[in-house]
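K.L.:
The structure follows.
No value in this document is a laboratory result; all are computed from the given coordinates. Source: prediction; values computed, not measured. Please note: Cβ atoms are built from the backbone with ideal geometry, for glycine as well, and neighbour counts cover all protein chains shown.
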């Protein structure tokens with residue numbers, strides 16, 4: 001080794017508890033093997049029955065599915081993964097055993113219940129045990145636009161002073177690869193990559209840690225890099241349509257009751273209709289339950305479209321409908337008409353959309369996917385209207401488009417449930 005090289009040894013945080021193989025092997029042993037051994041200790045012959053063998057195969061599939069969902073969701077920014085253990089495993093076990101139920105295959109209910117409970121307990125225990133471990137430590141190469149990284153929490157940043165320093169056990173090296181770096185720093189980056197250390201562009205790491213895609217201008221390359229997955233776009237539309245039809249049929253009595261209560265609460269129609277900018281820039285009419293008094297008029301059309309905090313136009317019942325998001329349910333009709341999705345960038349009133357487009361030239365690009373009843377910006381930021389806030393919202397929308405996937409949609413579903421329960425972002 002060159003005697004001029006200075007090695008900075010960071011604590012090696014790749015603890016056994018953090019390793020995927022240990023977590024998964026331990027989870028399968030604790031949640032599948034132990035319940036089977038307990039059952040066979042009571043009845044030794046049960047392990048040879050087809051009932052038990054089918055159940056073991058099913059719980060292994062459910063456990064693996066739950067673990068992969070949990071790990072995949074945990075990679076998104078701002079996710080406290082422990083909060084998603086119960087819903088991901090409940091979803092995985094529910095889907096597997098709903099399939100078995102419809103196929104009329106006999107299975108052991110004890111084994112299923114024990115496996116589900118012990119799966120969630122195992123990963124909760126791991127989460128508590130590893131909470132203080134910090135596996136994410138990044139070395140930063142000076143130059144370009146790297147200074148803003150130190151404001152991003154949740155990472156131990158180690159600033160390299162010279163190309164003779166090597167940070168051992170770092171999770172990666174971050175550099176502004178668009179900056180005019182010296183030959184020494186370019187050699188350093190190449191050497192780190194050859195040594196097996198991941199090298200990240202500052203913008204890439206910023207996006208993954210904040211959940212926002214910050215764009216100052218749209219180039220041809222940028223547009224290509226944030227194009228949504230076209231195959232998933234089609235699959236998602238089919239899932240949206242089937243789910244909307246089923247829920248509309250199921251909830252139709254409750255929706256009629258809400259409509260009647262709105263008519264009793266204040267004069268005016270039960271439904272609110274408004275033109276909004278939609279998929280591929282096409283204007284459509286959105287349907288919502290009316291939550292404001294029809295007699296409330298604002299002279300300025302733009303001001304009328306903006307809902308302010310504590311808006312006096314909102315009725316008593318309307319405030320509850322907004323907080324619980326029940327007012328959004330008539331948009332199921334928009335989903336069935338192919339105008340909207342369950343999840344996507346929130347559609348804006350036509351007058352507001354044109355205002356934002358005039359102020360933010362690349363605002364229109366958010367229409368490359370169908371607008372949604374809920375979305376990544378809504379669960380992270382809530383309701384906004386000012387241009388400055390909309391620019392930040394746009395960063396979240398672009399992150400969603402760039403990372404368009406069932407995993408991100410599933411995370412948004414979980415966060416939407418939490419949002420409905422807490423009333424976050426409602427106005």
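K.L.:
Taking a temperature of 37 °C and a viscosity of 0.692 mPa s, what whole-number D in µm²/s does Stokes-Einstein yield for the range 136-210 with Rh from Kirkwood over alpha carbon pairs?
P.N.:
267
K.L.:
Once you have a ≥ b ≥ c as the square roots of the Cα gyration tensor eigenvalues for the range 25-76, tell me rounded if a/c is under 1.5, and otherwise prolate or oblate according to whether a/b is larger than b/c. Before the final figure, lay out the partial values.
P.N.:
On the way: a/c = 5.32, a/b = 2.40, b/c = 2.22.
Taking the square roots of the gyration eigenvalues as a ≥ b ≥ c, the range 25-76 is prolate.
K.L.:
Which semi-axes, in whole Å and largest first, does the equivalent ellipsoid of the chain have when worked out from the alpha carbon gyration tensor as the square roots of 5 times its eigenvalues?
P.N.:
The answer is 41, 37, 17 Å, longest axis first.
K.L.:
Which of rounded, prolate or oblate describes the range 54-191 when judged by the alpha-carbon gyration tensor and an a/c cut-off of 1.5?
P.N.:
It comes out prolate by the Cα gyration axes.
K.L.:
Using only Cα atoms, what Kirkwood radius does the range 16-130 have, in angstroms?
P.N.:
Averaging 1/r across every pair of different Cα atoms and inverting gives 14.6 Å.
K.L.:
Evaluated at 25 °C with a viscosity of 0.890 mPa s, what Stokes-Einstein diffusion coefficient in µm²/s does the range 232-271 have when Rh comes from the Kirkwood expression over alpha-carbon pairs?
P.N.:
On the way: Rh = 11.9 Å.
Reported coefficient: 206 µm²/s.
K.L.:
Within a 10 angstrom radius of the beta carbon, how do 288, 323, 282, 236 rank from fewest other beta carbons to most?
P.N.:
282, 323, 288, 236
K.L.:
Please label the shape of the range 243-293 as rounded, prolate or oblate, based on the square roots a ≥ b ≥ c of the eigenvalues of the alpha-carbon gyration tensor (a/c under 1.5 means rounded; beyond that, a/b larger than b/c means prolate, else oblate).
P.N.:
oblate
K.L.:
As a footprinting exposure proxy, order 341, 108, 49 by other Cβ within 10 Å, with the fewest listed first.
P.N.:
If I rank by nearby Cβ atoms, fewest first, I get 49, 108, 341.
K.L.:
Take the eigenvalues of the Cα gyration tensor for the range 230-422, scale each by 5, and report the square roots as semi-axes in whole Å, largest first.
P.N.:
In descending order, the three semi-axes are 25, 22, 15 Å.
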